[in-house]
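Note sheet for the following structure.
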Amino acid sequence: MTATAAGPGDSRAAQLRQTWRDPPGLWGFLTTVDHKRIAARYIVTTLFLLFLAGMLAMDMRLQLSAPGLHRMDPQLYNESFSLHGSTMLFLVSVPVMEAMALWLVPLMLGQRNMAFPRLAAFSYWLYLGGVLMLWLPHAVNITPDLGWFEYPPLSGPAYSPGHRADIWAQMITFTEVAALAASVNVAMTILKLRPPGMTLAKMPLFLWAMLVASLMTIFALPAVMLATSMLIADRLVSTHFFSPSGGGDALLFQHLFWFFGHPEVYIIFVPAVGFVSAIVETFARRPIFGYAAMVLSVLAIGILAFGLWVHHMFAVGLPRLGNDFYTAASMTIALPAGIQIFCWIATIWGGRPRLATPMLWVIGFIITFVIGGLSGVMTASAPLDLQLTDTYFIVAHFHYVLVGGAIFPLLGAFCYWYPKATGRLMSEKLGTLAFALIVGGFNLGFFPMHILGLWGMPRRVYTYPAGMGWGTLNLVATIGSAVAVVGGLVFVANALWSFWYGRRVGADPWGGPTLEWAARSPPPPHNFDLVLCVDSLTPLWKKELTAFDGLALDRREMLVTTVMEAEPIYRQNSVGPSIWPLMSALAVTLLFVGSIFTPWALVWGAVPVAIALTFWFWPTRARASTGPLGRRR
């Protein structure tokens, strides 16, 4: 069933396309508030950064492939792993999940845009400022060099002169403000712009996952922003938040950082639950098994994730009673993840699965994530963690969790929704080859690191003597990493080749059950001609779709519904293209960059920010919505 089949004729579509289109040329590029174009920029930027971070990782693996090598000196190695970790954790993993939400949520809701279109544009421009904040200094050799966590006192003014630590800390502020803006937007869109009939009990699991991840982001990210702002204050105006000599506490930074840091792992993983659920449901050809259990498990992860942060601090000398509590909490969170894996396997077992490329990524995810989860349960035990912390066992564990638990589902989601975004299918042969190389190379590269960690190889060392016996496994890990890089290049080549030469397909090539597959491929600027109505969890598997009429054709309008039952309330005017999100992001960028040099930047930088926001929110005379709220047709 397509929107054309459910909606009226071509004249309505043409008029809506004219109303919702962007201005042509560069001006349209700079002013667009189309969620699809903004999300595409996010995705392209994150994939480019993933390539850069991967090249840094490959360089480090070559350095460690044999004992006693000196391709990199200690300073360059410190800069490389700091830049790699900061890029992957702050500039790739969270933003790419938000990008997928920005692209998919309105389509999955049958809506025409996000609840706050200009906020979506602002979030990307500010995120791009964070990217430049980290990578431009790298080009002029002032790269942060204290890891992706920058613990005091090493990051304090006494031990880290210059601006390397300031650059890292302010990069965090950029990206987290952008993430908060995107998360508020996603949460409000899901809560208030659902189509008629899509009660909370009929929301696709992807929407539940993105709602929980957005709320987790809203609650978790202020902690790390507070920590980095306090660090900048210590360095710039001589406060003593983290300086024991002035009455501060260096461990306060770790508490604030990890109160964000461990929920962040699940902020990255929870959207992957939505990806996997959508793919499994479509390719098993049956509704997801245990829908209520899946929803409750996602909610449980969202709550429990905030009670585990101290398991990153078992080695800092906290009271043992506290360690026991966080050990129990860390093991408990494995239960909802186990429920999810059981429900996916049960859905596949009871369905008629097709092993297309997206489904292969799901299988690779389940196997890899289970391995990472098992090692996570091991390190959740405080006595064992004391032995394993700061060894390569931990490196193996968090790569299995983050790459296997987030990147693999993301690649599967990319293949799954690629025909919706482009109107063309990716090559199955190249897709299968890329899957085999990436998954095989990843496991060959990172599984030996478990053994290296058990043999005592520490993290963050740029070389090691031959007598330690680590050379063979490090060489194997380097070969595996190179294989995975080749697989990544095949994946990108497949995407690019398919964009121009892939087989053209219709609106729903996979036979998906959710509303995004009712839109044309690729979707027009307005997404849908009519607001589609929902009466089940799998509306497109019904014989006929109904639609809600009554929105204006000559101005941008969206239907607002109630939070619980998704009953129509009123029509909301949606803003059009604007340059002020970009100007506001530029003003905030000047304030943030200036503040690492002088505190007066906060005063004078607030002036252009206030001016840009004033123009952004300056009221315009909009025509009131008239006529009936709508009717089913």
Being under 18 Å from Lys192 (Cα atoms) and in contact (Cβ under 8 Å) with a residue 12 or more places away in the chain, is that true of even one residue in region 538-546?
-> no
Residues of region 230-278 satisfying the condition of being hydroxyl-bearing (Ser, Thr, Tyr) and at pLDDT 95 or above = Ser277
Among Trp517, Trp510, Trp497, the single one that is in a loop (DSSP other than H, G, I, E, B) and of a type in the set (Phe, Trp, Tyr) is Trp510
Within region 142-175, restricting attention to residues that are part of a loop (DSSP other than H, G, I, E, B) and of a type in the set (Asp, Glu), which residue is farthest from Gln254 (Cα to Cα)?
-> Asp145
List every residue pair whose Cβ atoms sit under 9 Å apart, with the two residues 6 or more apart in sequence or on different chains, where the first one lies in region 12-29 and is without any contact (Cβ under 8 Å) to a residue 12 or more places away in the chain and the second, anywhere, is assigned to a helix (DSSP H, G or I).
-> Phe29/Arg37
From the list Ala201, Ala233, Ala278, which residue is among the small types (Gly, Ala, Ser), surrounded by fewer than 24 Cβ atoms within 10 Å (Cβ to Cβ) and more than 26 Å from Pro152 (Cα to Cα)?
-> Ala201
Kindly indicate whether any position in region 95-111 is buried (at least 20 other Cβ atoms within 10 Å of the Cβ), farther than 30 Å from Gly512 by Cα and assigned by TED's automatic domain parsing to the domain that holds Ala182.
-> no
Residues that are polar (S, T, N, Q), closer than 30 Å to Arg520 by Cα and at pLDDT below 95: which helices (runs of 4 or more DSSP H) entirely in region 1-100 hold 1 or more of them?
-> 3-6, 10-20
Of the conditions (1) under 23 Å from the mean Cα position of the chain (by Cα); (2) touching a residue at least 12 places away in the same chain (Cβ under 8 Å), Met468 clears all except one; give me its number.
-> (1)
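Quick grid of which residues meet (1) assigned to a helix (DSSP H, G or I); (2) surrounded by fewer than 19 Cβ atoms within 10 Å (Cβ to Cβ); (3) not aromatic (Phe, Trp, Tyr):
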| residue | (1), (2), (3) |
| --- | --- |
| Val395 | yes, no, yes |
| His399 | yes, no, yes |
| Leu411 | yes, no, yes |
| Cys415 | yes, no, yes |
| Gly431 | yes, no, yes |
| Ile451 | yes, yes, yes |
| Val461 | no, yes, yes |
Considering only residues that are farther than 22 Å from Ile38 by Cα and hydrophobic (A, V, I, L, M, F, W, C), look in region 610-633 and name the one that is modelled with the lowest pLDDT.
-> Ala624
Tally the residues that are part of a helix (DSSP H, G or I) and either assigned by TED's automatic domain parsing to the domain that holds Thr173 or over 17 Å from Asn185 (Cα atoms) (or both), restricting the search to region 585-597.
-> 9
Within the bounds of region 479-499, is there any residue that is in the same structural domain as Ile288 (by TED's automatic domain parsing), farther than 21 Å from Leu411 by Cβ and over 23 Å from the mean Cα position of the chain (by Cα)?
-> yes
Here the residues within region 315-345 that are of a type in the set (A, V, I, L, M) and within 25 Å of the chain's Cα centre (by Cα) are Ala329, Met331, Ile333, Ala334, Leu335, Ala337, Ile339, Ile341, Ile345
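The values are calculated or read from the model by the stated rules, or taken from the named source; none is laboratory data. Just so we're clear, the structure is a prediction, and the values are computed from it rather than from any experiment. Neighbour counts run over all protein chains shown; Cβ positions are idealised from the backbone, glycine included.
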